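Just below is one structure, and these are the notes that go with it.
FYI, it's all coordinate maths here, none of it is from the lab. Please read all numbers here as calculations on a predicted model, not as lab measurements. Don't worry about glycine lacking a Cβ; one is built from the backbone with ideal geometry, like all the others, and counts go over all protein chains shown.
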Amino acid sequence: MKDKEPPQDLLDWMGVKNAPNWVGTRSFGRLIGTLLVVAVPALFVGSLIAAFVVLWHTVDLAINGEGGAINLGAGALITALLGAPFLIWSTVLKHQTVRYQKEGHITDRINKAVEQLGAEKTEKVYTMGEDNKPIQAERTVPAIEVRIGAILSLERIAQDSTRYDKGRDHVRVMEILCAYVRENSNARAPRDFPLAEWEPLKDDATKAEREAHEMWRAARFADRYNANAREWAASLPKPRADIAQTLQVLGRRTAEQRRVEAAWPNPPEKETVWPFDLTCPDLPELKDDAPQTVPEVDRFSEKLSAWRERLRTYSGYRLDLRGANLQGTDLSAKRPDASDAVFAGLLLVGTRIEGANLSEARMEGADLNAARMEGANLSRARMEGADLSAARIEGAKLFGTRMGNANLLWARMEGASLSGARMEGASLSGARMEGASL
């Protein structure tokens, strides 16, 4: 039996359950459990024999008229011994009852939080009537403060589940929160960039067509700082406070919570690793302009192939925000280690992320196929191995972004700022980078 997490309750520590845990003092608990299993029946049988002997001796003394010699203390001791197994069994039943009550309590907490996610309230609004007099009316709006409380409650449930219950409810909570973002973010329709598409120039274009093409590029990306695209992206409205709070909760999942996702639907074991936490291999830094040696390149290729394979074959749980409206969202890292912006492996197919701030966020292996990211800030983001095929990244900030081994097939990166970006091994076939600053 492999080592697992520390025992979670008395029966687990004693080895009574079918999935014993051998961490720490678990072996001692197993010994105690075995001794009890053997000792209790033996004690009970011995008590019955002793009780029969004492009873026979007591009856014999009474028949012979020697009642004063009867030892009542021995009888009381035997009674206690006979009751011991039943006391132990009663304790086990009470322990099981407490465990079931605990599970019911967690279920109640989840149900209550989910109910609060739909909380609404009425507010008064005033409109001008035909006679220019104000008319009072009421409308129903989301109770944002109640919903944020529910979101934080669900975060606590996921953390408690990971810490005390091997993460049994963590993924369920993540599914609830992702569904909440997908549904509620689209209550506000996404906005499109006001200028028409900047179509690629034909190979046999005339001089006039080339001049018109450049004029249209200048209109879309006004100068080297892409003022038009960036200003439009900056003007996009921010998401509702409850959506922003949910995204923060998703981004600050702990390493242990991510291990739970990696093992899902099974509980994590000691050797479980969330593959997106493994750093993408890099070629060693060159010294004195010396070329890379063949063995160094071969070792790098082997490590890179193994890293890619682990991401490709990952079958655990992934956060799913496909089709969400995340325009103007702040998903950037606030902590030095970016542990509050972990979105690696995130499913964002077709998501609207224009004008979002993803600075220094971790998005290794994320699926951004056909995502709209015009004017987004991706500076120093970790996007190694991400799928950005057919993504719209025009006018985005990609200063120092790490996109090694990313899939950029047919991605549109016109007018993007790529200074310091790293794209070693990236697939760039069909990608468009007209007007991008390098």
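Among F52, F343, what is the fewest-to-most ranking by other Cβ atoms within 10 Å? Provide the component values of the computation, followed by the final result.
Numbers: F52 11, F343 23.
Least to most surrounded, the residues fall as F52, F343.
Calculate the spin-label point distance for T107 paired with E214, positioning each point 7 Å from the Cα along the beta-carbon direction, and give it in nanometres.
7.1 nm
Taking θ as phi - 60°, what are the ³J(HN,Hα) couplings along region 170-187 by the Karplus curve (6.51, -1.76, 1.60), each to the nearest whole Hz, with x for Gly and Pro?
Once rounded to whole Hz, the list reads 4, 5, 4, 5, 4, 4, 4, 5, 5, 4, 4, 5, 4, 6, 7, 5, 8, 5.
With a point put 7 Å past each Cα toward its Cβ, work out how far E120 is from L87 in nm, to one decimal.
If labels sit at E120 and L87, their model points lie 5.9 nm apart.
What order do you get for E269, E120 when you list them from fewest to most C-beta neighbours inside 10 Å?
On the way: E269 13, E120 10.
Ranked by crowding around the Cβ, least crowded first: E120, E269.
Separation between the V53 and K207 pseudo-spin-labels, each 7 Å from Cα along Cα→Cβ, expressed in nm?
Result: 12.2 nm between the two label points.
Can you give the extra length, in nm with one decimal, that the chain gains between D298 and D277 once fully stretched, where that is 0.36 nm per residue apart less the Cα-Cα distance? Provide the component values of the computation, followed by the final result.
Details: separation 21, 0.36 × 21 = 7.56 nm, distance 2.32 nm.
Separation in residues times 0.36 nm, less the Cα-Cα distance, equals 5.2 nm.
All other residues with a Cβ under 10 Å from the Cβ of F276 taken together, and with Lys, Arg as +1 and Asp, Glu as -1, what is their net charge?
The answer is +1.
Using θ = phi - 60° and the Karplus relation 6.51 cos²θ - 1.76 cosθ + 1.60, list the HN-Hα couplings for region 308-319 in order, rounded to whole Hz, with x at every Gly or Pro.
4, 5, 5, 5, 5, 8, 4, 10, x, 7, 10, 4
Taking square-rooted eigenvalues a ≥ b ≥ c of the alpha carbon gyration tensor, is region 230-289 rounded, prolate or oblate, where a/c under 1.5 means rounded and, failing that, a/b exceeding b/c means prolate? Before the final figure, lay out each step's value.
Numbers: a/c = 4.27, a/b = 1.14, b/c = 3.74.
Because a/c hits 1.5 or more and a/b fails to exceed b/c, region 230-289 counts as oblate.
Taking a 26 Å limit on the Cα-Cα distance, which of the listed pairs K238/K334; K303/K334; K112/K166; K166/K238; K94/K166 fall beyond it? Show your work: numbers first, answer last.
Numbers: K238/K334 18 Å; K303/K334 31 Å; K112/K166 22 Å; K166/K238 36 Å; K94/K166 23 Å.
In this structure, K303/K334; K166/K238 lie more than 26 Å apart at Cα.
Full extension from I63 to N132: what is 0.36 nm times the residue separation minus their Cα-Cα distance, to one decimal in nm? Numbers along the way, then the final one.
Values: separation 69, 0.36 × 69 = 24.84 nm, distance 11.23 nm.
Once the chain is fully extended between I63 and N132, it gains 13.6 nm.
Distance from the Cα centre of region 106-140 to that of region 294-316, in angstrom?
The distance from the Cα centre of region 106-140 to that of region 294-316 comes to 53 Å.
Any chance you could run the full-extension gain for A306 through D160? It's 0.36 nm times the residue separation minus the Cα-Cα distance, nm to one decimal.
Working: separation 146, 0.36 × 146 = 52.56 nm, distance 3.37 nm.
Here the answer is 49.2 nm.
Counting other beta carbons within 10 Å of each residue's own, what order do T91, T246 fall into, fewest first?
Values: T91 11, T246 28.
With the fewest neighbours first, T91, T246 line up as T91, T246.
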